[in-house]
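Notes follow the structure.
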Amino acid sequence: MMGNLLSKVGHSKAEKADSHGRIVRAAAKRIRESGIDSLGVAEIMRAAGLTHGGFYKHFADRDQLIDEAVEQAMLENEVEATEVVSGAEDPLAAFARWYVSTAHRDDPANGCGVAALSADIPHATGPAQESYRAQVERYLSRLHELLADDDPEVSRRANVTLSAMVGALMIARALGPTDRSDELLRDVFEAVESRRLLPPRS
């Protein structure tokens, strides 16, 4: 009897964790696609295959969901970035090819939260801001490693490289799938790949 009870409790906890994860992942996609203000609880619960009334079994309020969704979006980006450079002959080129691509431009829901949420984060709560800052630092650390070749200015180059790629993606999305947008992404990719973004100080 006790064994059955414990089994049911464990199953219930697993189900709740699975449901919680589905809600957070759905919210992470939604905020990257349309911004934090667009996040509606009822819509996200439907997207997760759950009823609106179950929301407060998982979150104290909408702000908690936003905090977790931002963190999820950033962690998903880091996982993808790691996969992109893993085993690549030129990891920096692979990273840039993924980031400043038309595919990335056209799929904000599954794309970089740093670019997608830059306008929202200054108005978000502390935890969301911290998740955003942490991902920026992870990107800079990654670029520091990819650019390092005994360069005394590698930190400066990493800052400029990240800013150029994020800025290019944001502008390209604003322009939409146009020739100018494609050209912008291509030119930034080529500059990153060839390490030409930042000439040495004279």
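Quick notes
- For K16, the aspartates and glutamates whose Cα falls under 16 Å of its own Cα, not counting residues fewer than eight places away in the same chain, are E68.
- With contacts taken as Cα pairs under 8 Å and at least 6 residues apart, the chain reaches a relative contact order of 21 percent.
- Computed over all pairs of different Cα atoms, the Kirkwood value for the hydrodynamic radius of the chain is 18.6 Å.
- In percent, rounded to a whole number, the relative contact order of segment 16-113 is 34, using alpha-carbon pairs under 8 Å and six or more apart.
- Förster radius 35 Å - calculated FRET efficiency between E43 and D150 (Cβ-Cβ, nearest 0.05): 0.10
- In loop segments of segment 51-83 as defined by DSSP, there are no GluC sites (Glu not before Pro) with at most 11 further C-beta atoms inside 10 Å of their C-beta.
- Between 0 and 90 degrees, the angle of helix 126-147 with respect to the longest Cα principal axis of the chain falls at about 40 degrees.
- In sequence order, calculated HN-Hα J values of segment 45-61 (Karplus, 6.51, -1.76, 1.60; Hz; x Gly/Pro): 4, 5, 4, 8, x, 10, 8, 4, x, x, 4, 6, 7, 10, 9, 5, 6
- Counting only DSSP H runs of at least 4 residues, each contributing -39500 (n - 2.57), and dividing by the residue count of the chain, the helix-based mean residue ellipticity at 222 nm comes to -23000 deg cm²/dmol.
- Average Cα contact separation per residue, segment 110-190, under 8 Å, 6 or more apart, as relative contact order %: 24 percent
- When peptides 104-110, 26-32 are sorted by average Cβ neighbour count within 10 Å, with the highest value leading, the order is 26-32, 104-110.
- Unit charges at the beta carbon, dipole of segment 9-72: most positive-side option, L39, A26, A14: A14
No value in this document is a laboratory result; all are computed from the given coordinates. Note that the structure is a prediction, hence the values are computed from the model and not measured. FYI the Cβ positions are ideal-geometry reconstructions off the backbone, even for glycines, and counts take in every protein chain you see.
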